[in-house]
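Let me begin by presenting the structure, written as structure tokens, before commenting on it.
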Protein chains: 2
Amino acid sequence: MTDVIIAGIGQTDVGEHWGIGLRDLAYAAVKDAIADSGGLQPQALFVGNMLAPNLSNQAHLGVLLADHCGMRGIEAVTVEAAGASGGAALRQGYLAVKSGLVDVALVVGVEKFTDQVGGGVDAAMATTSDSDFEAVQGLTASGQAALLMRRYMHEYGVPADGFAGFALTAHANGVGNPKAMFRKAIRVEAYAQAEMVSAPVNLFDAAPNADGAAAVVLTRSDLLPNGYPHALVKIAASAVSTDTLALHDRHDPLGFWAARESVEMARHRAGVTLDEIDFFEYHDAYSIYAALSLEAAGFAPRGEGWKLAAQGAIARGGRIPCATMGGLKARGFPGGATGLYQAVEAALQLRGQAGACQVSEARLGLIQSLGGPASTAVTHLLEKL
Amino acid sequence: MTDVIIAGIGQTDVGEHWGIGLRDLAYAAVKDAIADSGGLQPQALFVGNMLAPNLSNQAHLGVLLADHCGMRGIEAVTVEAAGASGGAALRQGYLAVKSGLVDVALVVGVEKFTDQVGGGVDAAMATTSDSDFEAVQGLTASGQAALLMRRYMHEYGVPADGFAGFALTAHANGVGNPKAMFRKAIRVEAYAQAEMVSAPVNLFDAAPNADGAAAVVLTRSDLLPNGYPHALVKIAASAVSTDTLALHDRHDPLGFWAARESVEMARHRAGVTLDEIDFFEYHDAYSIYAALSLEAAGFAPRGEGWKLAAQGAIARGGRIPCATMGGLKARGFPGGATGLYQAVEAALQLRGQAGACQVSEARLGLIQSLGGPASTAVTHLLEKL
């Protein structure tokens with residue numbers, strides 16, 4: 001089969017963009033991605049977005065963005081899978097190019113958490129849980145994470161500051177990423193003194209909701225323009241798995257079953273072992289998600305994912321570098337754009353363009369986009385050719 | 001290339017389902033579609049939905065429905081393109097099977113307009129227009145249709161009752177469809193006396209918002225179970241085009257450009273002429289949409305689409321039968337499920353299972369799902385093998 005190449009990448013700063021709306025935010029990323037691809041002309045647009053219908057009163061983003069980005073007429077659609085919307089949109093773009101029916105696909109993730117017109121971000125976010133059984137009880141995303149984290153601490157005897165390493169690593173890496181929301185390293189004392197968001201989840205255990213847009217241009221290797229200037233990055237595998245939507249429906253809530261399944265499928269499809277993976281962009285919406293994702297992927301046994309952070313194994317130069325450009329924690333969490341930020345960052349790493357964040361000799365990157373507590377898990381393996 | 005077959009179909013009654021929620025509504029259609037397919041096991045679920053995040057406080061429908069329909073773990077995602085969400089979901093399922101990476105795809109469209117928890121259907125529907133420039137001014141979907149209809153009447157000298165034929169045909173056909181919301185024929189006097197929704201759009205020019213779910217199972221022809229009992233219906237072509245989202249951005253608002261483009265692409269891809277098409281399931285959310293869609297598809301010259309209705313050419317047995325099982329007008333308009341209802345109905349016609357609605361010797365059907373005033377147009381050609 002023909003390889004699907006990430007030919008172009010673009011991303012905006014992550015942060016609070018009070019002065020810019022959804023369409024302009026998306027355009028900024030799209031413009032850069034198209035230019036970076038050497039001017040490829042997309043025939044199809046896949047938009048990853050999580051909450052615009054609620055937060056900005058704007059659905060039907062596909063056609064809005066196709067037109068606003070100067071591509072009036074092309075196929076366009078919105079893809080939604082909560083926090084995994086970006087990864088899911090990347091998956092649809094990949095399938096479209098793989099089908100042979102679309103030569104060049106543009107995938108953009110965009111999210112605006114500021115300027116919301118609706119009932120606030122927490123209420124909107126809760127629509128991505130099992131609304132009839134979870135949101136209706138007042139359970140928030142942070143509340144879900146707190147339930148998981150407390151259970152994990154109890155089950156495995158993890159101390160209160162056992163999760164500090166996730167935030168410390170993310171913030172240390174964010175310093176070198178010019179697009180990151182937070183570019184300041186934090187000390188372990190700051191973690192220990194942080195206020196609680198939803199105990200035991202503290203401020204540094206939770207990724208910040210942010211505005212942002214990121215985009216990639218996908219095409220087949222034989223369609224790249226002459227003189228294409230970048231090292232070739234291909235999508236070596238793509239896999240999606242799902243779990244129950246509601247946390248209370250799971251027999252093994254700490255298992256992150258869908259995260260595990262999707263990594264195993266992706267590894268199987270690409271034919272690679274865990275040892276061959278050079279870095280892992282996990283979905284660290286919460287520290288506990290990072291720990292569980294490391295275990296689900298197989299990088300640590302059950303109950304020991306937190307030790308990888310405590311022991312420095314996830315730092316740049318460690319055994320499995322994670323959140324190499326800040327992750328959700330320090331780069332920020334721009335909802336449905338997040339999965340595309342991961343793709344852009346992984347491409348930068350594989351091209352050797354990650355600057356101060358560069359993982360040396362990175363050849364194979366694993367990226368994973370989660371919706372809810374791994375209710376949806378979208379996993380891609382990106383490889384330098 | 002291998003053919004993509006609509007192997008299974010299922011649909012619920014269209015109407016006001018006060019006693020049943022989104023997940024159960026979807027399950028009813030899914031269960032029937034799986035059974036109809038001879039028990040194929042889907043690996044991927046594509047959900048077409050338009051307004052659940054606003055009307056039911058429920059996003060993340062992919063995983064919710066995968067789990068609730070007994071398929072926990074499979075790939076699942078929501079696809080949104082306003083009123084074309086159903087058609088767009090069908091397109092994603094088609095691309096997935098065409099890619100060779102998914103053997104069996106389940107596509108379900110579901111919508112609940114009753115029981116809304118938000119600010120009402122009109123406000124939610126307006127989020128699918130250009131919210132910053134149209135909804136903010138109070139422009140509704142019916143208001144857009146009224147602008148188009150009045151302009152059409154002015155431009156082409158069409159009398160006030162010139163559009164009656166669309167409603168009369170749809171309601172006449174709905175009588176024979178056990179799933180239709182309205183199963184009662186109407187007389188031209190009823191049309192003439194109908195109250196205005198948004199002048200000149202009267203009650204019979206506008207399709208009723210309704211609850212419903214419809215599903216199809218897609219697979220490759222070589223994967224059909226032994227003894228598969230139905231005539232084979234394949235997706236002969238699939239095409240999507242877009243226009244401006246806002247009506248005021250168009251130079252030629254009566255052109256329905258995206259509808260035209262997508263039909264031409266679909267015909268080109270399948271290699272069929274207009275004359276070979278045996279029936280047309282258009283997106284008659286409004287009578288004016290039906291007229292413009294007929295013209296855009298090429299069945300009538302500009303300004304003469306209404307004559308096809310007035311002259312009986314769209315009736316069963318006419319030159320180009322339309323809305324053969326009631327269309328949006330009489331079967332009802334269940335938002336993002338609509339495009340899947342069209343697919344199910346077309347499959348019934350092509351299999352020869354359309355009962356009282358049967359178009360004799362139907363071999364090739366054209367279905368078109370529109371988002372907004374043809375802002376998004378998703379067109380499929382279905383063919384009996």
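Nothing in this text is a laboratory measurement; each read-out follows from the coordinates by a stated rule. Just so we're clear, the structure is a prediction, and the values are computed from it rather than from any experiment. Positions of Cβ are backbone-derived with ideal geometry, glycine not excepted, and every protein chain shown enters the neighbour counts.
Annotation for A:GLY227, label-to-label distances across the other copies: 6.5 nm (shortest first, one decimal, point 7 Å from Cα along Cα→Cβ). Distance between the modelled labels on B:TRP18 and B:GLN193, one decimal in nanometres: 2.8 nm (7 Å Cα→Cβ projection). Peptide A:242-252 is shielded by partner chain Cβ atoms: per residue, an average of 4 of them sit within 10 Å of its Cβ. Between identical copies, the spacing of A:TRP18 label points, each set 7 Å from Cα toward the C-beta atom, reads 4.7 nm from nearest to farthest.
Based on the inverse mean of 1/r over its pairs of different Cα atoms, what is the Kirkwood hydrodynamic radius of the stretch A:92-134, in Å? Kindly include the intermediate steps, with their values, before the conclusion.
Details: mean 1/r = 0.0739 Å⁻¹.
About 13.5 Å, per the Kirkwood formula over Cα pairs.
Under a model in which nothing but the beta-carbon of Lys, Arg (+1) and Asp, Glu (-1) is charged, the protein assembly as shown shows a dipole of about 900 debye around its Cα centre.
Note on the stretch A:1-129: along the principal axes its Cα atoms extend 46, 30, 25 Å, ordered by decreasing extent. Computed over the stretch A:58-122, the range of Cα coordinates on each principal axis works out to 42, 25, 13 Å, biggest value leading.
Across the cross-link table entries B:LYS329/B:LYS384; A:LYS179/A:LYS329; A:LYS31/B:LYS98; B:LYS98/B:LYS234; A:LYS112/A:LYS234, which are compared at the Cα atoms, the separations over 18 Å belong to B:LYS329/B:LYS384; A:LYS31/B:LYS98; A:LYS112/A:LYS234.
Residues of B:232-241, mean number of Cβ from any other protein chain within 10 Å of their own Cβ, rounded to a whole number?
2
Dividing the convex hull volume of the alpha-carbon atoms in the stretch A:222-379 by its residue count gives 119 Å³ per residue. Would you mind finding the longest exposed-site-free stretch of chain A, with exposed chymotrypsin sites (Phe, Trp or Tyr not before Pro) meaning DSSP loop and at most 14 other Cβ atoms within 10 Å? Free of exposed loop sites, the longest segment is A:134-385. Out of the DSSP beta bridges found with both residues in chain A, what percent are antiparallel (nearest 5)? Taking every DSSP beta bridge with both residues in chain A, the antiparallel ones total about 70 percent. Our estimate of slack between B:PHE133 and B:GLU276, defined as 0.36 nm per intervening residue step minus the Cα-Cα distance, is 47.3 nm.
Projecting the Cα atoms of A:MET325, A:SER293, A:VAL272 onto the dipole axis of the protein assembly as shown, where Lys and Arg carry +1 and Asp and Glu carry -1 at the beta carbon, places A:VAL272 farthest toward the positive end.
Helix-only mean residue ellipticity at 222 nm, chain A, DSSP H runs n ≥ 4 weighted -39,500 (n - 2.57), per residue, nearest 500. What is it?
Working: 13 runs with 129 residues, N = 385.
Counting only the DSSP helices, I get -10000 deg cm²/dmol.
When Rg and the Kirkwood radius Rh are both evaluated on Cα atoms of the stretch B:290-344, their ratio Rg/Rh stands at 1.00. Panel values: the stretch A:184-287, Kirkwood radius from alpha carbon pairs, Stokes-Einstein at 10 °C and 1.306 mPa s, translational diffusion coefficient 88 µm²/s. With a Förster radius of 60 Å applied to the beta-carbon distance between B:ARG269 and A:ARG150, the computed FRET efficiency rounds to 0.60. Note on the stretch A:256-358: with charges restricted to the Cβ of Lys and Arg (+1) and Asp and Glu (-1), its dipole about the Cα centre is near 140 debye. Legend: calculated FRET efficiency, B:SER221 to B:SER360, from the Cβ-Cβ distance at R0 = 30 Å, rounded to 0.05, equals 0.70.
With its label point put 7 Å out from Cα toward Cβ, B:ALA123 sits 1.0 nm from the same residue's point in the other copies, in order from shortest. Under a 10 Å cutoff between Cα atoms, tell me which one of B:ASP122, B:ASP278, B:ASP103 has the largest fluctuation in the Gaussian network model of chain B. Of the options given, B:ASP122 has the highest mean-square fluctuation. Separation of the stretch B:230-297 from the stretch A:265-331 is 47 Å, based on Cα centroids.
From the Kirkwood radius over Cα pairs of chain B, Stokes-Einstein at 20 °C and 1.002 mPa s returns a whole-number translational diffusion coefficient of 106 µm²/s.
Each 5 Å bin from zero up to the one holding the largest Cα-Cα distance in the stretch A:308-385 carries the following percent of pairs: 3, 15, 25, 26, 20, 9, 2. Each label point was placed 7 Å from the Cα along the Cα-to-Cβ direction; for B:ARG302 and B:TYR228 their separation is 4.3 nm. Excluding same-chain neighbours fewer than eight residues apart, the aspartates and glutamates reachable from B:LYS184 by a Cα-Cα span under 17 Å are B:ASP13, B:GLU16, B:ASP205. Extents of the protein assembly as shown, largest first, come to 80, 47, 47 Å (Cα atoms, principal axes, whole angstrom). Here the average projected area of the convex hull drawn through the C-alpha atoms of the stretch A:95-252 stands at 13.8 nm².
Using a 10 Å cut-off around each Cβ, can you sort A:LYS179, B:LYS329 from fewest to most neighbouring Cβ atoms? Numbers along the way, then the final one.
On the way: A:LYS179 21, B:LYS329 30.
Sorted ascending by nearby Cβ count, the order is A:LYS179, B:LYS329.
For the residues of A:83-90, the average number of beta carbons from a partner chain within 10 Å of their own beta carbon is 2.
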